[in-house]
Amino acid sequence: MLGVGGNRSRPPLSAGTTARRLVGVNGEVEKQRVRAGTIERDGVLEQLQAAFVDGKLDREEYDERQALCLKSKYLDELDALVADLGTPRSTSLAEPPAASMPTAVVGEPTKTFAIMSGREISVTADRPAVESLAFVGGAEVHVAAMGPGGQVELSLSSILGGYNVYVPAGVRVVDESSSFLGGVAIDKKTRGDGSNGTVVIRGFNFMGGVNVRLEV
């Protein structure tokens with residue numbers, strides 16, 4: 001687009017473009033926002049869990065901040081979630097104490113599929129990972145008690161199908177899945193404090209999904 005005098009005029013700056021500028025109109029260098037990664041988000045989740053156990057956060061506050069943490073893209077967003085807890089966001093990459101750090105998932109995952117059928121899957125300490133596909137079918141997944149620091153990874157994908165996942169009391173459930181016309185429904189009774197481990201749900205759902213319920 002030509003401006004006055006035949007010079008090519010610059011298009012208007014969008015909000016995103018303005019945010020990426022390094023030098024402001026006054027010539028001073030502007031502070032650029034830094035994106036958060038998995039390590040930083042996991043660190044804040046641990047701090048929120050500790051604050052909940054200590055009584056600094058009630059259940060509603062803990063659930064709200066946990067959800068915001070998982071959606072945060074920048075470090076300043078994470079800082080705001082722990083600013084009133086008395087301890088700054090941890091920036092150390094050193095490993096936390098073994099009692100509070102989820103146990104790494106080792107070994108080959110259990111791989112299954114259900115096509116126009118159903119099945120049951122048991123997740124135990126010696127096989128703490130599952131990769132499954134349900135097409136016009138589904139499965140029931142039963143997670144065994146893990147204790148503090150245990151972690152289970154469930155990669156559950158569905159097309160016109162779904163899963164019922166049953167977890168013991170005290171398990172913290174983290175949803176990292178993607179869905180289109182579907183989703184993951186986590187029953188309020190299953191939102192534990194992590195005292196019995198963590199279940200991470202991944203995978204993709206198309207017109208299907210995952211229901212997480214308390215094992216009774």
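Every number in this text was worked out from the coordinates using simple rules, so none of it is lab data. Remember, predicted model here, so these are calculated numbers, not experimental data.
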Could you give the length gained on full extension between Ile115 and Lys189, defined as 0.36 nm per residue of separation minus the Cα-Cα distance, in nm?
-> 23.6 nm
Could you estimate the translational diffusion coefficient of segment 110-214 from the Stokes-Einstein equation, with Rh from the Kirkwood formula over C-alpha pairs, at 37 °C and 0.692 mPa s, in whole µm²/s?
-> 249 µm²/s
Reachable lysines from Lys56, Cα under 28 Å, same-chain residues fewer than 8 places away excluded?
-> Lys71, Lys73, Lys188, Lys189
Once amide hydrogens are built 1.01 Å from N within the peptide plane, the residues lying 5 or more places from Val210 or on another chain with amide H under 5 Å from its amide H are Tyr163, Gly183, Val184, Ala185
